[in-house]
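What follows is a single structure, written as structure tokens, with notes after it.
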């Protein structure tokens, strides 16, 4: 990171192909066991949706290939600009011109904050050490004939 020592701001932009993915809430499993001494014990366990784990692994592999540097040093403030290009649903073809012009926006799920959280979580350990380094972020959802996610990372943010 010699560039940081010279006081330069670095901007890196890359795209992740495919439909943008939202962070899902953890799932919970509960188990109740009767002990030999007559006591009842309850256990709970949180786990990820298996589909989310598969998608997370795919995006992490892509980020590792696209991010051609070490994770940004701890303590360095990071800016993230995220553009989520959502697919145009087949049932919406009559409105395609309005969608592509921005007149109609993707106001249905997935929520923008869950899309952002997914990217910030999978970037941990690849782009930066921890997503607490992100001090600035912008995010938008738009329609596109080719769904993908565009990520722009700027560091250090405070220059």
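Values quoted throughout were computed directly from the atomic coordinates according to the rules given, and no laboratory measurement underlies them. For clarity, every value in this text was computed on a predicted model and none was experimentally measured. Neighbour counts run over all protein chains shown; Cβ positions are idealised from the backbone, glycine included.
Full extension of the chain between residue 137 and residue 32 gives 33.5 nm of extra length, using 0.36 nm per residue less the Cα-Cα distance. Residues 62, 128 in ascending order of nearby Cβ atoms (within 10 Å, fewest first): 62, 128.
Strictly greater than 19 Å: what percent of every Cα pair in region 2-155 meets that?
Working: 7294 of 11781 pairs.
Counting pairs separated by more than 19 Å, the tail of P(r) holds 62 percent.
What's the exposure ranking of 60, 105, going from fewest to most Cβ atoms within 10 Å? Intermediate results must be reported in sequence, preceding the final value.
Values: 60 16, 105 13.
So the residues, fewest neighbours to most, are 105, 60.
Just want the ordering: 127, 72, 151, 10, from fewest to most Cβ atoms lying within 10 Å of their own Cβ. Don't skip to the end; give the middle numbers.
Working: 127 27, 72 24, 151 20, 10 15.
Ordered by Cβ neighbours within 10 Å, fewest first: 10, 151, 72, 127.
Secondary structure note: in region 2-155, about 65% of the DSSP beta bridges are antiparallel.
In percent, how large is the relative contact order of the chain, given Cα pairs closer than 8 Å and 6 or more residues apart? Numbers along the way, then the final one.
Working: 261 pairs, mean separation 66.2, N = 159.
Averaging sequence separation for qualifying contacts and normalising by length gives 42 percent for the chain.
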